[in-house]
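One structure is given here, and the rest of the page talks about it.
Any read-out appearing in this document is the output of simple, stated calculations on the displayed coordinates, not a laboratory observation. Please read all numbers here as calculations on a predicted model, not as lab measurements. Here the Cβ positions follow ideal geometry from the backbone for every residue, glycine too, while neighbour counts run over all protein chains shown.
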Amino acid sequence: MMVLITYDVNTEDSGGRARLRKVSKLCVNYGQRVQNSVFECSLEPAQFIEVKEKLRKIINMDKDSLRFYLLGKNWQNRVELLGKNETYDPDKDVLLF
């Protein structure tokens, strides 16, 4: 299933900046960054539970937020793109930066 993971980590202190790096690094392991704090992830249900739990352990529940948008298997019909962006299929392609 396609899951869009978005996050907002408070970076007012060094602890927040460290959390931001950890969240980003973890998300890279599960999907493709499509914007600064947005990842498209093609996950099995068990992987979704796993990544959600790992992220929950990183963030500060009082200062940070995570959002998970479950787009399902037919996600291509639910996503529209305007403007500059590299086209890829997260179920087949891996973009390396």
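A few comments on the model shown:
- 19 Å Cα-Cα reach of Lys22 towards lysines, excluding residues that sit fewer than 8 places from it in its own chain: Lys52, Lys54, Lys57, Lys63
- Scaled to the globular estimate 2.2 N^0.38 Å, the Cα spread of the range 1-58, given as radius of gyration, is 1.10.
- Using 0.36 nm per residue and subtracting the Cα-Cα separation, the extra length available between Lys73 and Asn36 on full extension is 10.9 nm.
- Förster radius 30 Å - calculated FRET efficiency between Thr6 and Ala46, Cβ distance, rounded to 0.05: 0.90
- Whole-Hz couplings from phi, Karplus 6.51/-1.76/1.60, listed for the range 28-43; x for Gly and Pro: 4, 6, 10, x, 10, 5, 10, 8, 3, 10, 9, 10, 9, 10, 8, 10
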